[in-house]
Amino acid sequence: MRLRFSASQMSLIALLMMAPAFGRALDNGLARTPPMGWNSWNKFACKGINEKVVRETADAMASNGMKDAGYQFVVIDDCWQTGRDAAGNIVADPERFPSGIKALADYIHGKGLKFGIYTDAGTMTCAKRMGSIGHEYQDAKQYANWGVDYLKEDWCNTLPGQNSESSYTLMRNALAESGRPIVFSICEWGSTKPWLWAGPIGNLWRSTGDIQDCWDCKKDWGGNGVVQILDLMNGLESYAGPGHWNDPDMLEVGNGGMTKEEYRAHFSMWAMFSAPLLAGNDISNMTADTKEILLNKDVIAIDQDPLGRQGHRVKKTGDLEVWSKQLQDGGRAVALLNRGPAAATISVAWTDIGYPDAISASVRDLWTKKESSAVKGNYSVDVPSHGVVMIRVKP
C-alpha cells in the first residue's frame, strides 16, 4: 500500500523535520524556566562534601534571600555514594551522610526547597564511585523513594562504544517510571553535541566542558574559562526553550578566582543564555559582593523570563560585544560586554536588536538601576575591562 500526501501535507512534514529542538522538548512538565539552586562540586568537590555542609547550605538558602529570589534546588554532586548492597541498591557513604539520604532530603524539603543528587552513566563516577550503568531503573526507583527532585548524570568511565543518546534515554525512561517528577540534567560536556538530540531526553544538557574559576583560560582536559564558554554557547540558541536548556555549567561566583567585575559579567551572561543558575560557592559564608551578584533580582528575571529564549551575539568589534535576548513582553535584554584589557565605550543600535531605528525606548541598567526614557536610535555606555553593562530595553 502506497501512502499519498497532498502538497500541503508534504510541506508540513518538511517543516516538522526541520523544526529546531524547542519543538521537541522533554514532556515531563518540569523546568519550564531554567533551574536555580546550588551544587556542591565547584566549592567542596569530593573531599569537602558531607551531610553537615548540605544542611548548612539548605539553612542558608532558606534564610539569606536566595530562596525568595528563586533558588530552590540543593544538589549533592559526586562522592556521596560508596557502593551497592547485596540487593544491588546504591549505598550512601555512612561517614559523610550518617543520617542517610532520605533524612537529608526530608530536611531540605522541610525548608521549602528541593533536593538533587548525582550519578554517572558509566561503570564509575568521575571520582571513581559507583555508576548507574546496568542499574538505571533500580537507581531511579531508589532516588524517587528518597525524595529526589533533580538528577545530574555524568559521562565518566563509560564502556567502549557506549552511545550517549541511548544511555541517557534509558535513564530518562527509568525516571519516568519511578513514580516521582525528577528534573533530568545530562552532563556529557557537549562531547556528542547533545543540543542535536537531547531535547526530548533531558531538561538540561551540558553544552560545554567544565567551567574553571577564571576569566580566560583553557585546560588541556577540556576545562574552560568564562570567555571560552561564551564562544561555545553562541550559535546554540535555537535548541533551548522551556523545559530543555543549554547548560554552560555551574556558577563560580564567589569562589575567588575572578574579580567582582568578572563575576558580574559571568552571572549576567548566564542570565542572557537562559542558563540554569546553580551557585557553586559556599552560600553559608558569602561576602557582600557575592551576595549582591547572586541576588540581583533584575538579572535573575532575565534568566527566568517565561518566553525562554536564549540570547545570542549580535555584534562584535574586537573585544567589544553586544548580546541580545528577546523577552516575553516584547522587550530586549542586552549585554554590552568588554572582553578587553581596558575600559571602552560600547554602543548598541536599535537595529542591532531587531527594532526600527526610529522607535523611542526606555532603558534600565540592571546593575546600577539607572533609568533612561525616550532613548532613540542607539545607546552608548562606558564598560569596564572584563565587565558588562546589562540593560533592559522596552519600546
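The values are calculated or read from the model by the stated rules, or taken from the named source; none is laboratory data. Note that the structure is a prediction, hence the values are computed from the model and not measured. Cβ coordinates were reconstructed from backbone atoms using ideal geometry, including for glycine residues, and neighbour counts include every protein chain displayed.
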Scanning the stretch 136-184 for residues that are in contact with a helix residue (DSSP H, G or I) (Cβ under 6 Å, 6 or more places away or on another chain) and either under 14 Å from Thr123 (Cα atoms) or assigned to a helix (DSSP H, G or I) (or both) gives Glu136, Tyr137, Ala140, Trp146, Glu153, Leu170, Met171, Ala174, Leu175
Over the stretch 235-266, the set of residues surrounded by fewer than 24 Cβ atoms within 10 Å (Cβ to Cβ) and either free of Cβ contacts under 8 Å to residues at least 40 places away in the same chain or not assigned by TED's automatic domain parsing to the domain that holds Asn203 (or both) is Lys260
Of the residues in the stretch 43-58, those that are out of contact with any strand residue (DSSP E or B) (no Cβ under 7 Å at 6 or more places or on another chain) and in a helix (DSSP H, G or I) number 7
(request) Evaluate the stretch 259-273: report whether one residue or more is farther than 26 Å from Lys52 by Cα, among the aromatic types (Phe, Trp, Tyr) and part of a loop (DSSP other than H, G, I, E, B). (result) yes
Of the candidates Asp329, Asp298, the one satisfying the condition of being surrounded by fewer than 23 Cβ atoms within 10 Å (Cβ to Cβ), of a type in the set (D, E, K, R), in contact (Cβ under 8 Å) with a residue 12 or more places away in the chain and in a loop (DSSP other than H, G, I, E, B) is Asp329
Practice task
For the stretch 115-127, state whether one or more residues are assigned to a helix (DSSP H, G or I) and either in the same structural domain as Leu170 (by TED's automatic domain parsing) or within 25 Å of the chain's Cα centre (by Cα) (or both).
Solution key: no
Restricting the stretch 372-387 to residues that are touching a residue at least 40 places away in the same chain (Cβ under 8 Å) and more than 17 Å from Asp352 (Cβ to Cβ), the one surrounded by the most Cβ atoms within 10 Å (Cβ to Cβ) turns out to be His386
